[in-house]
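Everything on this sheet refers to the single structure shown next.
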Amino acid sequence: MAKDLNKVMLIGRLGTEPELRYTQQGVPITRFRMAISRQWRDGDGNLRDETDWFTVISWNRLAEICSQRLQKGARVYVEGRLQNRSWDDPQSGEKRSQTEIVASDMIILDYRQNARSDMDASLPPRGRSLPDETDEFSDEDIPF
């Protein structure tokens, strides 16, 4: 039997600051917009740009992390699924619909220079530090 699949992977930049809210039951939900750009050459050889915008929703602990760690302009990887929502607009009475990405994973690919100061203190050090030349090893330290 064939399995269905609904999976989205995006790499782009945040176009808005993440907006954290809570449901009536107290569940955190964060919403932000991502810009995904691409370039190509048209038939005349001119460089063309196109940007698509996506609304990303995250829930629970991921929502809190997105709210704390992401900021407008950050380059991120988001993985999740597509979700279609529809509702009646209370002002116009018209039926509205929207397709969103419900994130299941997020990886920050770069930090902006004006990143939040509390973020810097919690970042892991980049790369491994090499042992000092004064560190001595014996034969017992070798694992084989």
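Ordering Lys72, Lys95 by the number of other Cβ atoms within 10 Å of each residue's own Cβ, fewest first, gives Lys95, Lys72. In a shell of Cβ-Cβ distance under 13 Å around Ile36, excluding Ile36 itself, what net charge do Lys and Arg (+1) and Asp and Glu (-1) give? Within the 13 Å Cβ shell, the charges total +1. The peptide list 98-104, 19-25, 88-94, put in order of mean Cβ contacts within 10 Å with the highest first, becomes 98-104, 19-25, 88-94.
Within region 7-50, name every residue whose backbone N is under 11 Å away from a label modeled 7 Å from Cα of Asp110 along the Cβ vector. Correct set: 13. Sorted on the mean count of surrounding Cβ atoms within 10 Å across their residues, most packed first, peptides 29-41, 53-65 read 53-65, 29-41.
The residues neighbouring Gln83, those whose beta-carbon lies less than 13 Å from its own, together hold a net charge of +3 under the Lys/Arg +1, Asp/Glu -1 convention. Other residues within the sphere of radius under 10 Å centred on the Cβ of Val56, judged by their own Cβ, net out at +1 (K and R +1, D and E -1).
None of the figures in this text is laboratory data; all of them are computed from the coordinates on show. Here the structure is a predicted model, which is why all the values come from computation and not from measurement. Neighbour counts are summed over all protein chains in view; Cβ atoms, including those assigned to glycine, are modelled from backbone coordinates with ideal geometry.
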